[in-house]
Every structure is written in structure tokens, then in C-alpha cells.
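The values are calculated or read from the model by the stated rules, or taken from the named source; none is laboratory data. Only a predicted model underlies this, so the values are computations on that prediction, with no experimental measurement involved. Cβ placement follows ideal geometry from the backbone for every residue including glycine, while neighbour counts extend to all protein chains displayed.
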Amino acid sequence: MSYEAWQIVKRIEVDNVELELALQCAPLIAGLKISNLLNIRAGDVDKLISLIKGGNLSYRLLYANNYRATVLLYNEKLLTDYISRDEVKNHLNSMGYEDTSLSYIFDKFCKRYEEYMIYKEKFPHEMGFLLGYPVEDIEGFINHNGEKSLYTGYWKVYKDCEKKLKVFESFENAKESLVNLLYHGIGMAEIIRICCNHNRRIQINYL
């Protein structure tokens, strides 16, 4: 994010969860990405649900304690289409997901993620698929234990770096645009509704 945009963030006067949505989930809201993680205060979950109610976003609470909550926000159709790909299903099967329906994956993943968060068990790398990352980059991350990446941005890149850099730039532009809209008085619920109407024919260009 540019210096100018960060100066706006410092001055912005909106509810915290609205700003966090802009900073953490702009690519999803703008129709550029399948899903995003959102880390917010546990007490803000109800506010989040209210804000996304008028759009095409779905949510799944992955983990929460008394203070913080980790939520996956996603476009249900796009995420379902992605995990229905043969190469993705094969990877999920190898990770112990006999059924690759979204509901089954979420139920099993949440248990694994909770074990990781509480007991620091093995990190569930299938999160990369829930976040809609390119398969080649998920494979690279697993095979190299998170090292030897070509670039680290919204995820660690192991192939087609130049292409992914352009994608990350579009994500940053979306973030700045949403921050500017909030700064000029447009609420996040309205932003999501507008983006939903303009993104009916979404084409994700990094997969």
C-alpha cells in the first residue's frame, strides 16, 4: 500500500471491522480473488455478518477465542468450482479429505485448524486451497517447507513470478480503492453491495 493510502488509514473514522475488511479482504470484495482470511476481534463477528449480508460473500468461522476470531470470507460459487478441479481434489484426497464437498472440508479443516491454534499441531496446508491459491504455489510451499520462494506477497510464489506480481499489484490497488471509498464516507455494506453488482461475471486471472 502506498504512503498516501496509509496516511488515509491513520485518519479514517469508520468502525474498526469495516477498515479491517478493506485492509484484509479487498481482493475478494473487488472480485479479484476467491476468498480471504479476516482476523478481527471476537466481539466484531456479528457486525461482520451484518456488513456482508447484502452481497455475494459467504463466511465460515474457523477459530475463535475470547479475544480474536479468524474468519474465512469467500465467494461460494468460485470456491466450489475451484475445489472441484481434479488436481485440487486429488491433493485434498491425499490430505485425508475423502469427500470434497465444501461443507465436509470446512468441518474437517476447522478441527485441524483448532488443533493447530491451541496445541501447535502440524499446520494444515490445505488452507492454501481454501484461500484459492494457485496449485503450483501450494505444491511449492509444501515441497520446500515454505522456503526458496521466488517472491512473498499475498502468498509465496514458486512459479510464474512476473504474472503473480501483476496480480498482487491489482490486489493492492483494490485495497487502496476501498480505503479511499471508506474515507469519503461510503460504508462497507454499500461497497460490498456495489462490488457484488459489478462483479457478476468474475474471472479470476491468477489460476
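Consider segment 95-148 and keep the residues that are among the aromatic types (Phe, Trp, Tyr) and not in a loop (DSSP other than H, G, I, E, B). The one that is farthest from Leu78 (Cα to Cα) is Tyr119. Within segment 50-84, how many residues are in contact (Cβ under 8 Å) with a residue 24 or more places away in the chain, part of a loop (DSSP other than H, G, I, E, B) and closer than 29 Å to Asn197 by Cβ? Matching residues across segment 50-84 total 6. Cys196 falls short on exactly one of the conditions (1) assigned to a helix (DSSP H, G or I); (2) at pLDDT 90 or above, and that condition is (2).
Going by the structure shown, is Phe123 at pLDDT below 95 and within 27 Å of Ala26 (Cβ to Cβ)? So Phe123 passes the test.
Residue by residue, here is whether (1) surrounded by 12 or more Cβ atoms within 10 Å (Cβ to Cβ); (2) within 22 Å of Gln24 (Cα to Cα); (3) in contact with a Lys or Arg (Cβ under 8 Å, 6 or more places away or on another chain); (4) in contact (Cβ under 8 Å) with a residue 24 or more places away in the chain holds:
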| position | (1), (2), (3), (4) |
| --- | --- |
| Leu102 | yes, no, no, yes |
| Phe109 | yes, yes, no, yes |
| Glu115 | yes, no, no, no |
| Phe129 | yes, yes, no, yes |
| Gly132 | yes, yes, yes, yes |
| Glu136 | yes, no, yes, yes |
| Gly140 | yes, no, yes, no |
| Asn143 | no, no, no, no |
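Checking each residue in segment 149-168 for being acidic (Asp, Glu) and part of a helix (DSSP H, G or I) picks out only Glu162.
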